[in-house]
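Contents: one structure, followed by commentary.
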Amino acid sequence: MTPQRLIQNFKHGRGLLWAGPDFNAETLERTLSKLGVSLTRLEHVDGTALDHNRDIVFIDGDHAFDPALLMRAGAALPPAPTIGMVGVEAPSRLKLLADVGVTAFLRKPIQAAAIYAALFLGVNNHGRMRVMDQRLADHDRRHHGRRFVIKAVIALVQYHGLSDDEAYARLRRESMRQRIGLEEFCAALVADGSGTFPAEWPALHAEDGPSRHPGDKHETHDDDGRRSGGSADADRGPGRGPDQAGRA
Amino acid sequence: MPNLRVPIGILISSDGPYSAVARSMLCGALQAIDEINASGASVAFEPVVGNPAGQLSRYVALGEEMLAAGIKHVVGCYTSSSRKEIIPLFEKADALLWYPSHYEGFESSPNVVYTGPVANQHLLPLVDYLTHRVGKTAVCVGSNYIWAWENNRVLREAMGAGGGAVLAERYFPLGSTDFGQVIEAILEAAPAFVFNTLIGISSYHFLRDFRAACEARGIDQPMMIPVASCTLSEPELQAIGPEAMDGHITSSVYFASIDTIENAHFTASYQARNPDGPAVSADAEASYIAVHLLGLAIAEAGTVQIDAVKRAVARQVIRAPQGEVRVDADTMHAALTPRIGRSRRDGQFEILMQAPAPVAADPYLIRTASRLGSVVRPNLRVAS
């Protein structure tokens with residue numbers, strides 16, 4: 001994993017406070033202003049339309065809060081870094097903060113000397129978890145597409161006499177050339193194959209003769225990137241290189 | 001006759017590993033107290049001096065004693081670790097610490113007034129000077145605590161952004177005096193400069209040994225591998241000794257060689273009071289400024305209560321030895337004038353560059369660094 005650049009200057013940030021009317025925001029507001037961060041009430045903005053590059057939410061765990069105000073359905077993370085403020089250390093209150101995915105906390109009464117550290121950890125932990133969230137989604141997507149990869153490999157092995165390693169390498173190369181994910185590429189191949197795939201797959205070698213996928217309007221490419229099929233350059237638009245000649 | 005007789009705590013380690021600078025801080029503070037007491041102002045100070053000798057536990061014990069005796073204002077601390085250790089006491093007692101030393105920033109306690117410089121007033125001007133006038137490669141040598149770690153982080157990011165590189169960072173326990181290995185490593189790496197965040201006796205030993213090692217190899221150390229820091233001050237040049245006191249680059253808001261009427265008055269009076277040393281230093285001036293600001297603020301507020309004093313201090317502008325100084329109402333940090341100096345054999349610094357006007361403190365670097373922490377060039381010009 002590439003090391004994440006840590007954000008350490010929060011100037012132009014917007015603090016969004018969720019707290020009861022009796023919450024003493026003076027220390028928080030004064031210290032945030034020294035850090036270049038403004039403070040407004042969360043109820044004055046749309047909690048689901050926050051910008052994680054600008055907004056930092058402060059939630060008082062002692063004040064009733066509906067996590068749905070902040071969390072999109074099914075999301076594991078709030079849309080912006082969220083810092084919990086803990087007064088009563090009872091599990092029910094702490095559960096609320098856990099439910100909204102706080103990534104740092106401040107003990108009440110708020111002490112000025114803890115606020116920069118809470119911002120630093122809250123924002124950077126949120127960034128880190130966001131990256132992990134994206135990676136997880138990416139893994140899920142690839143995981144779901146794996147069965148198409150297996151199908152495509154088996155088909156190439158069965159009908160083209162390739163080894164499984166050669167089949168996989170071929171699919172990978174072709175998907176990279178078309179700049180789409182291997183899983184998406186294989187899913188499209190298997191779906192378009194309509195039972196004839198991969199007999200109609202472009203030949204391994206150009207000299208094997210032109211070969212077109214049924215219903216494919218675009219030319220395809222052999223392993224060396226030479227185009228096969230179609231009518232030479234006739235259908236090649238200006239500036240359109242072979243990489244853009246997508247099948248999927 | 002003064003209307004207010006105010007006890008003032010002085011919490012400075014006249015003994016211990018950084019006593020050379022600390023003693024000059026004590027001299028600066030006491031000089032300002034005497035000046036205020038002799039001036040017929042409406043405030044007179046009664047100093048209560050505590051010497052923690054550089055031990056954290058003694059800072060706490062002596063601080064507690066002072067606050068328990070009802071003292072509301074204490075001038076003191078040199079290291080950040082000592083300041084952090086006693087801030088909770090001041091918050092609890094609703095008292096104010098006047099912190100008269102340079103530090104790494106990233107703090108803004110409501111119970112502290114900061115009269116020394118932070119990174120945008122000492123380190124950033126130095127980094128700018130070094131990368132543009134000295135060279136693009138550095139080796140960092142420091143005492144193993146927050147001052148060195150944070151300064152090296154800023155230096156590393158600034159050097160990286162400017163196409164330079166920190167070749168190595170080495171840390172030593174406070175009070176270390178054996179630098180043979182790191183000196184060999186520096187000579188091997190041959191950086192454009194050494195960035196020194198060692199403090200106290202460690203720094204003096206290092207500078208002497210490094211000079212000697214260079215001389216043994218026929219290397220003109222100040223010319224070829226100068227040592228730069230944000231800490232080295234006049235009393236420390238005496239402690240280094242004549243064989244290695246010259247040619248070191250320092251960033252500071254004050255040098256005794258500053259040519260102003262206020263500084264001439266300050267240094268003449270200081271030398272008359274302390275003929276046997278320690279020499280005047282930036283931290284002595286910051287202590288002197290702290291006491292004068294406190295005196296003016298209490299006189300205007302008419303009380304020692306800290307909220308009133310803090311409001312009043314933000315309205316004061318003093319013509320200090322270094323130039324005009326004022327305290328920001330939001331951060332309680334002083335606006336100061338950055339300068340770059342090079343030490344000479346006479347124990348003074350030649351001023352190479354200085355900012356055209358006082359620079360407001362930016363303790364969290366929100367104005368002088370990007371979102372990811374890389375620094376913005378400060379504005380300095382060659383001193384005429």
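Assorted remarks:
- Carbon and sulfur %, accessible surface of the range B:106-159 computed with the full protein complex present, 1.4 Å: 53
- B:Asp178/A:Lys11 FRET efficiency (R0 41 Å; Cβ-Cβ; nearest 0.05): 0.40
- Cα gyration tensor category, rounded, prolate or oblate, for chain B with a/c compared to 1.5: prolate
- Cα shape, the range A:66-126, gyration tensor, a/c 1.5 rule: oblate
- In this assembly, the A-B interface accounts for approximately 1500 Å² of buried accessible surface in total, computed with a 1.4 Å probe and without ligands, DNA or RNA.
- Among B:Pro358, B:Pro242, B:Pro17, the largest mean-square fluctuation in a Gaussian network model of chain B, built with springs joining Cα atoms closer than 10 Å, belongs to B:Pro242.
- Cα pair distances in the range A:13-135, grouped into 10 Å bins until the bin that holds the longest one, percent each: 14, 51, 32, 3, 0
- In this structure the range B:70-154 gives 23 Å² per residue of accessible area when probed at 1.4 Å with all protein chains present.
- About its Cα centre, the dipole of the protein assembly as shown is roughly 700 debye, where the only charges are +1 on Lys and Arg Cβ and -1 on Asp and Glu Cβ.
- Protein-protein interface of the range B:355-374, residues with accessible area decrease of at least 30 Å², isolated chain reference, 1.4 Å probe: B:Tyr364, B:Ile366, B:Arg371, B:Leu372
- Shape category assigned to the range B:232-373 from the gyration tensor of Cα positions, a/c cut at 1.5: oblate
- The charge dipole of the range A:13-135, taken about the Cα centre with unit charges on the Cβ atoms of Lys, Arg (+1) and Asp, Glu (-1), comes to about 420 debye, rounded to the nearest 20.
- The range B:203-246 - accessible surface per residue (Å², probe 1.4 Å): 36
- 0 to 90° range, to nearest 10: angle between helix B:180-189 axis and chain B longest Cα axis: 60
- Residue (of A:Ile154, A:Leu106, A:Thr40) at the positive-pole extreme of the range A:1-154, dipole from beta-carbon charges: A:Ile154
- As a length-normalised measure over Cα pairs under 8 Å and 6 or more apart, the relative contact order of chain B settles at 20 percent.
- Model label sites at B:Ala38 and B:Leu352, defined 7 Å from Cα along the beta-carbon direction, differ in position by 3.8 nm.
- Helix axis angle, B:261-273 relative to chain B longest principal axis, alpha carbon, degrees: 80
- Judged by the mean number of other Cβ atoms found within 10 Å, the most tightly packed of the peptides B:137-148, B:278-289 leads the ranking B:278-289, B:137-148.
- Number of Lys-Lys pairs in the protein assembly as shown with C-alpha atoms under 30 Å apart and a separation of 8 or more places or on different chains: 22.
- The value of relative contact order for the range A:54-197, using C-alpha pairs under 8 Å at least six residues apart, is 17 percent.
- Dipole of chain B, positive end: most advanced residue of B:Ala228, B:Gly105, B:Ala272 [Cβ charges, Cα centre]: B:Gly105
- Residues along the range B:101-145 losing 20 Å² or more of accessible surface when the other protein chains are present rather than the chain by itself (probe 1.4 Å): B:Phe106, B:Ser108, B:Pro110
- Max mean-square fluctuation residue, GNM over chain B, Cα-Cα springs under 10 Å, options B:Leu293, B:Leu11, B:Leu62: B:Leu62
- GluC sites (Glu not before Pro) within the range B:229-275, DSSP loop, no more than 14 other Cβ atoms inside 10 Å: B:Glu243
- Normalised by the number of residues in the range A:13-135, the mean separation of alpha-carbon contacts (under 8 Å, six or more apart) gives a relative contact order of 25 percent.
The values are calculated or read from the model by the stated rules, or taken from the named source; none is laboratory data. Quick caveat, the model's predicted, so the values are computed rather than measured. Cβ sites come from the backbone with ideal geometry, for glycine too, and all protein chains shown count toward neighbours. All accessible areas refer to the heavy atoms of the entire protein, side chains included, with ligands and DNA or RNA removed. Shrake-Rupley method; radii C 1.70, N 1.55, O 1.52, S 1.80 Å.
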